[in-house]
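What follows is a single structure, written as structure tokens, with notes after it.
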Amino acid sequence: MRRELVVTPSHWSPRGEAELAIHGRPMLVWQGIVGERSLVRVRNMGRNRDYAVFRDTQDPSPHRVEPACDRYNTCGGCPMMHLDTAGQHVAKRAMIVEALEEEGLGDLEVTEVTAGPLPEADFRHVVKLGIGYSDHGRLRVGAWGRHTRTVVPIPHCHVAASSLRAAMASVAHHILELEIPPWDPADGRGVLRAIVLRASRTTGDVVVTLVAGRRVRVLTELAERIALECTEISGVVLHLNDEDNNAIYKRDMFGEVHTKVLRGSPYLEETLNGVRYRVGPGDFFQTNPGLAERLYARALDRLALDDDTPFVDLYSGVGGLALAASTRTGFALGVESLENAVASARDAAKTQDLPATFECDDVGGFLPDLARRLSASRPVVSVNPARRGLEEGVAEGIAALMPRRIAYISCNPRALARDLAQFRALGFTIGAVEPFDMFPHTAHIECLVVLEGQDGAPARRAPRRRVVGRGKES
Ligand SMILES: C[S@@+](CC[C@H](N)C(=O)[O-])C[C@H]1O[C@@H](n2cnc3c(N)ncnc32)[C@H](O)[C@@H]1O
């Protein structure tokens with residue numbers, strides 16, 4: 001194949017590259033734009049696809065901009081930063097429409113994308129860093145690079161909240177000064193495999209999770225130094241993961257992440273729309289709190305809750321929607337499989353005197369019992385599953401609750417489309433798909449869809465469910 005070609009990408013890849021096919025063989029163009037005719041350089045040819053990089057165009061897309069980061073190419077964490085915000089929204093809507101069409105749901109309306117209060121910078125409240133060596137053997141702390149597991153320092157990462165940037169600088173500085181080596185899962189040598197930093201928008205506090213292959217004294221020294229130096233860091237915890245894989249956390253058989261406190265508190269406090277949440281180190285919580293506020297408020301407005309309607313929040317995490325809903329209804333129940341998250345949700349309900357209760361259980365296993373108790377009162381339901389979407393049988397279990405309305409929140413348009421097709425087959429009326437740009441500059445998008453149940457009609461059987469790619473958890 002020639003090294004330089006003129007191509008016009010036809011659609012977006014799930015990772016945010018512009019994609020096309022040449023004689024049936026896919027090509028992914030880094031920094032390309034769908035519909036823009038451009039000169040590209042072929043970098044390498046994989047087994048199933050080719051990889052190219054944008055070079056030039058005579059006719060630039062009106063949405064093309066210079067990426068506002070000098071690490072754009074090496075870091076790769078913001079693959080759509082070469083598009084302005086409007087252009088990113090056009091691309092993300094197109095991805096959603098494509099996923100819906102693949103499931104025969106091309107008739108559904110997809111609304112304009114809702115942006116957060118910080119649509120371009122400072123919106124990110126969780127950062128995951130790796131440790132590695134440069135080509136010259138120098139220790140490095142930063143993002144895992146675009147091509148390989150090389151580590152790219154990102155001291156000025158401007159998508160991260162300013163408190164996170166301060167904490168990242170301190171953590172990186174002391175790891176280098178203490179010369180803490182990266183963990184090598186293949187031979188069990190070294191120490192640190194990752195650092196996860198989470199910031200609270202409300203308090204500005206940051207909790208740092210040191211993920212290490214083994215426990216050594218230098219980690220306590222690191223925790224002491226960073227907690228002393230960086231006023232933003234309110235807690236440092238240690239998580240041990242000696243597995244030979246690329247996962248950051250080692251979860252136990254129930255999915256829990258175990259940590260040991262090295263300094264301060266392991267919890268952050270975050271407030272969304274006046275409701276306080278407690279977030280622990282391994283818990284899921286939206287990384288973009290400004291937009292999460294808009295999403296939760298929109299979901300609850302669309303659900304039109306009143307005092308007498310029971311509200312059920314499935315996959316409730318630390319209580320995101322259940323706690324918010326309990327300010328509008330007298331009965332809110334959250335169902336979540338992780339004990340740590342449920343403990344945080346219960347604590348938040350208790351300390352704020354909110355009428356929300358939480359069950360620690362598997363959603364699929366818990367639904368039949370819930371249907372026996374609640375179907376007569378026709379609850380309102382929210383579902384916000386992990387990236388893979390609903391597990392087998394869950395859509396039917398939800399239908400058996402006889403919900404009058406469901407708010408489905410999803411970070412994976414393909415899983416969402418598959419599950420919506422099931423709900424349609426079960427007799428639900430599906431409203432417009434509302435995208436929320438929770439992860440600017442990436443190909444990820446959060447969607448809210450409200451479904452209306454039929455009045456008193458028994459549930460039909462859903463068609464067989466397919467498994468869709470898990471991808472990266474948000
Ligand atoms: C995307 S998060 C949503 C959390 C919450 N709704 C929020 O807004 O913060 C998905 C949650 O579902 C939980 N989960 C995953 N599979 C589950 C299952 N089968 N049963 C119960 N909870 C589950 C995860 O632990 C996680 O907390």
Note to self: I'm told residue 283 meets every condition in (1) acidic (Asp, Glu); (2) under 18 Å from residue 447 (Cα atoms); (3) near the ligand (Cβ under 9 Å from one of its atoms) except one. Can you identify the failing condition by its number?
What the structure shows: (2)
Next item on the list: Starting from residues that are under 21 Å from residue 58 (Cα atoms) and in contact (Cβ under 8 Å) with a residue 40 or more places away in the chain, keep the ones in region 13-37 and report whichever is surrounded by the most Cβ atoms within 10 Å (Cβ to Cβ).
Entry: 33
Item checked: Condition check for residue 255: under 24 Å from residue 195 (Cα atoms) and within 11 Å of the ligand (Cβ to nearest atom) -> yes
Next item on the list: Would you point out the residue of region 259-280, among those that are closer than 16 Å to residue 345 by Cα and of a type in the set (Lys, Arg), that is farthest from the ligand (Cβ to nearest atom)?
Entry: 276
Next item on the list: Give the residues of region 85-121 that are surrounded by 17 or more Cβ atoms within 10 Å (Cβ to Cβ) and not in a helix (DSSP H, G or I), sorted by residue number.
Entry: 103, 105, 108, 110, 113, 114, 115, 116, 118, 119
Next item on the list: Taking only region 293-346 into account, find how many residues are more than 10 Å from the ligand (Cβ to nearest atom) and within 18 Å of the chain's Cα centre (by Cα).
Entry: 2
Item checked: Count of region 56-104 residues which are hydroxyl-bearing (Ser, Thr, Tyr) and under 17 Å from residue 8 (Cα atoms) -> 2
Checklist line | Which listed residue is away from the ligand (no atom under 11 Å from the Cβ), in a helix (DSSP H, G or I) and not aromatic (Phe, Trp, Tyr), from 401, 370 | finding: 370
Check: Of the residues 418, 388, which is of a type outside the set (S, T, N, Q), outside any loop (DSSP other than H, G, I, E, B) and under 30 Å from residue 17 (Cβ atoms)?
Finding: 418
Check: From 111, 57, which residue is outside the structural domain of residue 432 (by TED's automatic domain parsing) and among the β-branched types (Val, Ile, Thr)?
Finding: 57
Next item on the list: Starting from residues that are under 22 Å from residue 72 (Cα atoms) and among the polar types (S, T, N, Q), keep the ones in region 18-53 and report whichever is modelled with the lowest pLDDT.
Entry: 44
Notebook entry, point to check: Hey, does region 315-322 have a residue that's more than 22 Å from residue 447 (Cβ to Cβ) and among the polar types (S, T, N, Q)?
Noted result: no
Check: Just wondering, is there one or more residues in region 220-233 that are assigned to a strand (DSSP E or B) and under 21 Å from the mean Cα position of the chain (by Cα)?
Finding: no
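The values are calculated or read from the model by the stated rules, or taken from the named source; none is laboratory data. The model shown is predicted, which means the values in this text are computed figures rather than measured ones. Methodologically, a virtual Cβ is constructed for each residue, glycine included, from the backbone with ideal geometry; neighbour enumeration extends over all protein chains shown.
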